[in-house]
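The values are calculated or read from the model by the stated rules, or taken from the named source; none is laboratory data. On a predicted model such as this, the values are computed, not experimentally measured, just so you know. Cβ atoms come from the backbone with ideal geometry, glycine included; neighbour counts cover every protein chain shown. The protein model used for the area step is the full one, side chains on, heavy atoms only, and it has no ligands, DNA or RNA in it. Shrake-Rupley method; radii C 1.70, N 1.55, O 1.52, S 1.80 Å.
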Amino acid sequence: VQTVEYLFMADVQVQNMQSPATGNADAGLVEVFLDGVSVGSHNFGSYTGNTLPRARMCFTFKATTTGLKKLLVDFSRRYYCSSRTPTCFIDNIVLVQAPMRPIVCPIGERYLNATANISIDGTPSANFALFLGLGQMPSGFPIPGFNGYWWLNAPFFQLFTLQFDTQGHYGFQPPIPNDPTLDGLLLYWQAIEAPGSVNIGEVTSFAFYK
């Protein structure tokens, strides 16, 4: 739909399938196109042998025309490709029409025993609260007086209450313990902001790993 905002999220990974120990100057670029125009991308940069670089793509865009559209995901490298060059993969693709902010998204790797990087985008200068849950309900439900839907299933926890900067952004870097019970455990994140009216943001799920 023309002028309507969309949220695109996906997990991406790169791996050298045929020659795992071989590094490469260019691991690859994952790029998303709409109407022939790039609307978002992730560049893995160089590749180090015997690694599995992973990341979450998370961006918003607006369509310039109305009608059925082809959303093209393109994988490219600056150099030639062969069976011995790194391969990019994409999974868990989510496309949300008219997403409600705040939007929570992890940036970069999510290793155990390391520091994660989590980004939250909302309304400039609005107060917000971030919640973490262990499950998601089959369908969201409205809360009287709030815009959006609540998705987190009990038990869930409020992590903190803070304020977005003048660009509507907040990022934080939590240390992730080296706890094997967290490996692959899917966690659910949702934020609520109050720029005037109260908005319940989109629910996001992701795990940490070894």
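Considered as a group, the residues in segment 21-74 that are of a type in the set (Ser, Thr, Tyr) and in contact (Cβ under 8 Å) with a residue 60 or more places away in the chain include one that is nearest to residue 103 (Cα to Cα), and that residue is 64. Considering segment 136-157, and only residues there that are assigned to a loop (DSSP other than H, G, I, E, B) and of a type in the set (A, V, I, L, M), the residue that is most open to solvent (accessible area, probe 1.4 Å) turns out to be 154.
Number of residues in segment 173-193 that are outside any loop (DSSP other than H, G, I, E, B) and farther than 25 Å from residue 95 by Cα equals 6. Can you tell me which residue is nearest to the chain's Cα centre (by Cα) among those in segment 11-20 that are closer than 30 Å to residue 96 by Cα and surrounded by 20 or more Cβ atoms within 10 Å (Cβ to Cβ)? In this case the residue turns out to be 12.
Quickly run through segment 75-113 and pick out the residues that are free of Cβ contacts under 8 Å to residues at least 60 places away in the same chain, more than 22 Å from residue 202 (Cβ to Cβ) and under 18 Å from the mean Cα position of the chain (by Cα). Result: 109, single match. Among the residues of segment 165-193, the one identified as more than 17 Å from the chain's Cα centre (by Cα), without any contact (Cβ under 8 Å) to a residue 60 or more places away in the chain and either open to solvent by less than 70 Å² (accessible area, probe 1.4 Å) or under 14 Å from residue 133 (Cα atoms) (or both) is 165. Strands (runs of 3 or more DSSP E) fully within segment 81-122 that include at least 2 residues being open to solvent by 20 Å² or more (accessible area, probe 1.4 Å) and touching a strand residue (DSSP E or B) at 6+ places or on another chain (Cβ under 9 Å): 87-97. If we keep just the residues of segment 1-27 that are of a type outside the set (A, V, I, L, M), within 30 Å of residue 65 (Cα to Cα) and in contact with a Ser or Thr (Cβ under 7 Å, 6 or more places away or on another chain), which is modelled with the lowest pLDDT? Across segment 1-27, the extreme among qualifying residues is 2. Considering each residue of segment 125-134 in turn, none proves to be among the polar types (S, T, N, Q) and farther than 17 Å from residue 192 by Cα.
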